[in-house]
Amino acid sequence: MTGQGMAGVAAGTIVAKNFLSFARVLAASFRRHHPDIPLFVLLADEVDGYFEPGQEEFRLLTLPDLAIPKLSSFVFRYSRQQTVVGAKPYLLSHLLDRGFAAVLFLDADMLILNDLSDLIEQVRGHAVTLVPHLLRPPVGEKRLARELNILLSGTYNGGFAGFANTPESRRFLSWWQERLYNHCDHDVAHGTHYDQRWLDFAPSFVEDFAVVRDPGCNVAYWNLAERTVEIVSDTILAGGRPCRWFHFSGFEPDREGAVTRYVPGLKMSEIGQAAELFRRYVALLNRAGYQESKAWPFGYSHFDNGTPIPDVARRLYRALGPESDRFGDPFQTAKPGSFFDWLNEPVDEVRDSSRIVTRLWQGVYDERPDVQRVFPHIFGSGRRRYLKWTVRYGLKEHGISERFVRHLGGQGRP
Amino acid sequence: MDQMGSVAAGTIVAKNTLSCARVTADSFRCHHPDIPFFVLLADEVDGYFTPERERFQFLRLGELGIPNLHRLVFQYSRQELSYALTPYLLSYLLDRGFDCAAFVKQESLVTGDLTPALARLRHDSILLTPHLLAPLSGSGAVGRELNILLSGVYNGGFVAVSSTSAARQFLAWWQDRLASHCVHAVADGMHFEQRWLDLVPGFFEGVHLLRDPGMNVAHWNLPERDVRVDGETVLVDGCLCRLFRFSGFDPEQPDAVTRYSPRLTMTNAGPAAEVYQRYLRLLEQAGFHETKAWPYAYGCFEDGVPVPDVARRLYRSLGSEADCFGDPRQTGRPDCFVEWLNSPVDNCRDPAKTVTRLWKAIYDLRPDVQRAYPDLLGRSRKRFVKWSIRWGAREHGIPGRFLSYGSRSR
């Protein structure tokens, strides 16, 4: 099964380095079933000496390898998780550009358990191939809640994507890139769920679109109720069919007994033999260095002066749109006219430095309707009390460094 | 056509939009004289018109055999009810023995032959039309796409099924979901009947997406579709326009294309404006001005008092528990739904301080009111009751019957 038919196929996944052990486990399990298909791991992070890429058993790609426009701007605008998922269509395009006829994206928190040849054939035969979260209506008391949850997060799971190199798939990829460059958000009430909700358009935008209907593919907490896992000696079945791969979405190895952070109530004791898969997975992760790599820091989380980048600063940057170009590299703080300085500039003209509301703190205020109600006039009578709040609560609640507190008499700059 | 077997089509209206159904039915018949067109009235005739004189096959709600019909009728507004009935109408037509059934939403004009699309049902079970066929570009692109993600990728204005088991499963599932969740709550994943359709290609086999740009031309895709009018014929991107949809068009605001997109006006709609003009004339000829004010029979309790929306919502939230009230529109019995709405939530019997279930439900819907009266069953009680009489009744359209426990007299 690994002969002619698999030629010209590549697989890819994306991690930040704190998830490196997951990528190692995925790569090893994939290689076991498909040794001839190269698996590329895109590091959406900096190596920073934490590991030795040349010693890994997969091909490592870094962000500069991809055609991401204004890369520093891209990585600045997003959190770690957003950067990891936002890079997905760029990785897929890159692999197609390298000449592969078809590419599979696999989330790093997957374990390949069986031969994927049928799936790969399907991917080769269609412009775009996706896996629905659910293949038939769920039954039981929670059926509506489960469906509504899927409607809010997206019909198709972004953990898998298959693209053949056709004009249609390329067109869809460039559209997906464009959307994720600015809108890789988690704001379900407004129609976004990172990269995933955008995929709901795939059947509309891509005529040669295929759905993976094998219930053995992408078994995960959201479909476990319909796909009972059975382990019969060496064979793992899901819903009576060979389990192709299990997706440990939201699983945190350090939280014993919990299946996924997305369903806090779901216990290992409630998922039958699937719990055994989780046990095996933890063992594999530990052997792959989970304990060591889990705390490795994200390379894009600080300005170049060491100040952590608050999420609100990322959002303010993104809201500026093309205007943000004038800052150049937004991580750089030393040069005049930096984004860091811009954040620390006063919004209005006050002489008294203890009364300065900076752009950053205005940004925080704009995101907090509760704070707005308590301090309705921050440029009037509420100014002093709001500034007190920023020091007392705002810093902690928004994970903001004290370097952004100008009104303490200190300056934004060291 | 023979291989397709027998086909029926239909739409659903309350009687205030009967003129829309007439236009849709007439235009459908013009292109398909041999296919029967049914109009399901999600309302009562009440002597306002004579069904036998209409040029379509008339269906009363009672003919569909909907279980717990009074529940469905009471828990939804006029608009919600007509949408929630879509899968019931399609099932009914298949049950009558038609091999294929097509639903066309009321505000439509059939401008061409739909049978090429319906012919897909020889092989497929379910036909849907995507709102968009290609990614949008330009300045409003992201906003328009997000809007579609919130309202549903597929448009509920045209849905067709064949009598396969996959289609039957689809209809049974859609009915089950719409039995209680045909509401507009986009932040919770619902947009009436439509958003549920996003799940259909994953759930059921034999789903075909119609990619003919002449199907379901409407405000959401007009900027991308090149509409030309040539006499009676409407062309879209050089192809025949088969189904034009007037979603959100208000004949009394004829300069606006749709209430959903203020950016589109008849002056910037290009030749499509002519199609709207034509539709407007047809509506007027079909009695628009006469029918528009016809009352909704299920808008009131049996004694003529209007049903407030919050009462429908409360009733819906009770689920099957609400069966104990019997027909919720009936009044005058001690165990009727109105009495339940008017009963106090606790033991307080002082009329100036009594919070009834109805007002508690309104309180729960209003974070602003909660902030103003944080201790509803304690210190804020009296002031909330005052608010309910002074402002709440007006803001929520609450009839006097529900105003304050003490003054409510029988």
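The values are calculated or read from the model by the stated rules, or taken from the named source; none is laboratory data. All of these numbers come straight from a predicted model, not from anything done at the bench. Note: ideal-geometry Cβ built from the backbone for every residue, glycine included; neighbour counts use all protein chains shown. Side chains included, ligands, DNA and RNA excluded: accessible areas come from the protein's heavy atoms. Shrake-Rupley method; radii C 1.70, N 1.55, O 1.52, S 1.80 Å.
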Report summary line: Taking the stretch B:323-376 and the residues there that are in contact with a strand residue (DSSP E or B) (Cβ under 7 Å, 6 or more places away or on another chain) and touching a residue at least 60 places away in the same chain (Cβ under 8 Å), the one that is nearest to the other protein chains (Cβ to nearest Cβ) would be B:L341
Query raised in the report: Is there a residue in the stretch A:381-391 that is of a type outside the set (D, E) and either within 26 Å of the chain's Cα centre (by Cα) or not in a helix (DSSP H, G or I) (or both)?
Result: yes
Report task. Just need a number here: residues in the stretch B:214-241 that are within 14 Å of chain A (Cβ to nearest Cβ) and open to solvent by 30 Å² or more (accessible area, probe 1.4 Å). Result -> 1
Query raised in the report: What number of residues in the stretch B:135-148 are facing another protein chain (nearest Cβ under 10 Å), open to solvent by less than 40 Å² (accessible area, probe 1.4 Å) and more than 29 Å from B:R168 (Cβ to Cβ)?
Result: 6
**Report entry** Residues satisfying the stated conditions in the stretch A:180-192, i.e. more than 7 Å from chain B (Cβ to nearest Cβ) and either assigned to a helix (DSSP H, G or I) or open to solvent by 40 Å² or more (accessible area, probe 1.4 Å) (or both)
**Finding:** A:L180, A:Y181, A:N182, A:H186, A:D187, A:V188
Query raised in the report: Quick check: is even one residue across the stretch B:161-168 surrounded by fewer than 22 Cβ atoms within 10 Å (Cβ to Cβ), touching a Pro at 6+ places or on another chain (Cβ under 9 Å) and within 11 Å of chain A (Cβ to nearest Cβ)?
Result: no
Query - Flag if B:F244 is part of a loop (DSSP other than H, G, I, E, B), hydrophobic (A, V, I, L, M, F, W, C) and either crowded, with 21+ Cβ neighbours inside 10 Å or touching an Asp or Glu at 6+ places or on another chain (Cβ under 8 Å) (or both) - result: no
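Taking the conditions exactly as written (part of a helix (DSSP H, G or I) and either open to solvent by less than 30 Å² (accessible area, probe 1.4 Å) or at pLDDT 95 or above (or both)), does B:L89 satisfy them or not?
In short, yes.
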Report summary line: B:T291 passes all but one of the listed conditions (1) in contact (Cβ under 8 Å) with a residue 24 or more places away in the chain; (2) touching a strand residue (DSSP E or B) at 6+ places or on another chain (Cβ under 8 Å); the exception is number (2)
Report task. State the number of residues belonging to the stretch A:197-233 that are within 13 Å of chain B (Cβ to nearest Cβ), under 19 Å from the mean Cα position of the chain (by Cα) and open to solvent by 20 Å² or more (accessible area, probe 1.4 Å). Result -> 1
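For (1) under 24 Å from the mean Cα position of the chain (by Cα); (2) under 27 Å from A:W361 (Cβ atoms); (3) touching a residue at least 12 places away in the same chain (Cβ under 8 Å), each residue gets a yes or a no:
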residue	(1), (2), (3)
A:E270	no, no, no
A:E276	no, no, yes
A:R279	no, no, no
A:V282	yes, no, yes
A:A288	yes, no, yes
A:K294	yes, no, yes
Query raised in the report: In the list B:L209, B:L282, B:L240, which residue meets the criterion of being modelled with pLDDT of 95 or more and over 25 Å from the mean Cα position of the chain (by Cα)?
Result: B:L240
Query raised in the report: Would you call A:T192 without any contact (Cβ under 8 Å) to a residue 24 or more places away in the chain and of a type in the set (V, I, T)?
Result: yes
**Report entry** Boolean, A:A67 is under 20 Å from A:L199 (Cβ atoms) and in a loop (DSSP other than H, G, I, E, B)
**Finding:** no
